[in-house]
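K.L.:
Before I ask anything, here is the structure I am working with.
Just so it is clear, none of the values below were taken in a lab; they were calculated from the coordinates. This is a predicted model, so every value here is computed, not measured. Every residue, glycine among them, receives a Cβ derived from its backbone with ideal geometry; neighbour counts consider all protein chains shown.
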Amino acid sequence: MPFLTDRKRANGMGSAKTGTAQFWGMTISSVALLVLVPGFIFTVGPMIGENHETVTDYFSRPFPALVALLTFIVGLVHFKNGVTVLIEDYVQGLACKIWIIVMTCVSYAAIATAIFAIARIAL
Amino acid sequence: MADAKQPNRPLSPHLTIYRPQMTSISSIFVRITGNALLVSTLLLIWWFLAASTSASAFASANYVITSWFGDAVMVLSLWALWYHTLGGLRHLIWDTGRGLELEAAERMGWVMIIGSLVLTAVTIFCF
């Protein structure tokens, strides 16, 4: 380190060095969700409060099942990336790392559960 | 490697020092709504899992989701989902370099607040 000046270390690094990949990932998932979210609200919404048979019949159809599945998958990946930024902003040090690991695991567990549940209803 | 020590320079004043503004409040609510949506997402995934398991499992999930507590969570989440969606749309517009003027940003903030309330009411009315 003593061989490098501060100027030399900073040169060409930009202000944050990394982050555009995360930003672009959020852009892609938010555009996808712009389409999926209204679809989700108007397919899943009317089913809340319906009886068991109606719900399983409805989600045996390809369109409602795929809209629900895609919204959960894309939404939870979008959540994982968003909550990571939230944690990085407000929590420091080891707690920051632990929270990011926990929330990432929660996100993937929720995705896996959603795929399992909807596939079992649909198939 | 770079020094990890705290920089010895003036740092920007933070939240507590500013008067709340349309832009800052509408922005923080995008973050709050987006992260709070985890609650209803997990509730809905549990409802789907119960529906795929058995009639009795579905009965308990359905009982919770249609109780006053479930209703409150679902209605608040519906608003949060519309608000966060409009907030995301505002970000996508900003990313193209449009609407960055203070007046335009504040106008979009009002569209988010009023629009999300209207969309929530329309959605509830439709069901």
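K.L.:
Go through (1) within 14 Å of chain A (Cβ to nearest Cβ); (2) closer than 26 Å to A:W24 by Cα one by one and return the number of the condition B:H14 breaks.
P.N.:
Failing condition for B:H14: (2).
K.L.:
A further question follows. For B:W110, indicate whether it is surrounded by fewer than 20 Cβ atoms within 10 Å (Cβ to Cβ) and either touching a residue at least 40 places away in the same chain (Cβ under 8 Å) or within 11 Å of chain A (Cβ to nearest Cβ) (or both). Show your work before the answer.
P.N.:
Working: surrounded by fewer than 20 Cβ atoms within 10 Å (Cβ to Cβ): yes; either touching a residue at least 40 places away in the same chain (Cβ under 8 Å) or within 11 Å of chain A (Cβ to nearest Cβ) (or both): yes.
Yes; evaluated as a whole, the condition is true for this residue.
K.L.:
Another question about this same structure. So if I check each of B:A61, B:A51, B:A36, which one is within 27 Å of A:T54 (Cβ to Cβ) and either facing chain A (nearest Cβ under 7 Å) or surrounded by fewer than 20 Cβ atoms within 10 Å (Cβ to Cβ) (or both)? Spell out how you get there, then give the answer.
P.N.:
Values: B:A61 fails: either facing chain A (nearest Cβ under 7 Å) or surrounded by fewer than 20 Cβ atoms within 10 Å (Cβ to Cβ) (or both); B:A36 fails: within 27 Å of A:T54 (Cβ to Cβ).
Checking each option against the conditions leaves just B:A51.
So that you can scan it fast, the table gives a plain yes or no per residue for (1) surrounded by fewer than 17 Cβ atoms within 10 Å (Cβ to Cβ); (2) part of a helix (DSSP H, G or I):
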{"site": "A:R7", "(1), (2)": "yes, yes"}
{"site": "A:A16", "(1), (2)": "yes, no"}
{"site": "A:I41", "(1), (2)": "no, yes"}
{"site": "A:S60", "(1), (2)": "yes, no"}
{"site": "A:P64", "(1), (2)": "no, yes"}
{"site": "A:V67", "(1), (2)": "no, yes"}
{"site": "A:L76", "(1), (2)": "no, yes"}
{"site": "A:K97", "(1), (2)": "yes, yes"}
{"site": "A:I100", "(1), (2)": "no, yes"}
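K.L.:
Sort out which residues of segment A:43-55 are β-branched (V, I, T) and surrounded by 17 or more Cβ atoms within 10 Å (Cβ to Cβ), and write them in order of number. Walk me through how you get there before you give the answer.
P.N.:
So in segment A:43-55, the residues β-branched (V, I, T) come out as A:43-44, A:48, A:54-55.
A:T43, A:V44, A:V55 - these are the residues of segment A:43-55 that are β-branched (V, I, T) and surrounded by 17 or more Cβ atoms within 10 Å (Cβ to Cβ).
K.L.:
So, in segment A:40-66, of the ones that are closer than 12 Å to A:I121 by Cβ and among the acidic types (D, E), which residue ends up nearest to the other protein chains (Cβ to nearest Cβ)?
P.N.:
This residue is A:E53.
K.L.:
Still on this structure, I have one more. Would it be correct to say that A:V37 is part of a helix (DSSP H, G or I), at the interface with chain B (Cβ under 7 Å from one of its Cβ atoms), within 16 Å of B:S52 (Cα to Cα) and not small (G, A, S)? Steps first, answer last, please.
P.N.:
Working: part of a helix (DSSP H, G or I): yes; at the interface with chain B (Cβ under 7 Å from one of its Cβ atoms): yes; within 16 Å of B:S52 (Cα to Cα): no; not small (G, A, S): yes.
Judged against the criteria, A:V37 is not a match.
K.L.:
Suppose the filter is part of a helix (DSSP H, G or I), surrounded by 14 or more Cβ atoms within 10 Å (Cβ to Cβ), more than 8 Å from every other protein chain (Cβ to nearest Cβ) and not aromatic (F, W, Y); does B:L81 pass it?
P.N.:
Values: part of a helix (DSSP H, G or I): yes; surrounded by 14 or more Cβ atoms within 10 Å (Cβ to Cβ): yes; more than 8 Å from every other protein chain (Cβ to nearest Cβ): no; not aromatic (F, W, Y): yes.
Considered against the rule, which asks whether it is part of a helix (DSSP H, G or I), surrounded by 14 or more Cβ atoms within 10 Å (Cβ to Cβ), more than 8 Å from every other protein chain (Cβ to nearest Cβ) and not aromatic (F, W, Y), B:L81 comes out as no.
K.L.:
Return the pairs, sorted by first residue and then second, in which the second residue is among the acidic types (D, E), the first residue lies in segment A:24-40 and is on the phi < 0 side of the Ramachandran plot, the beta carbons are less than 7 Å apart, and the residues are 6+ apart or on different chains.
P.N.:
A:T27/B:D95
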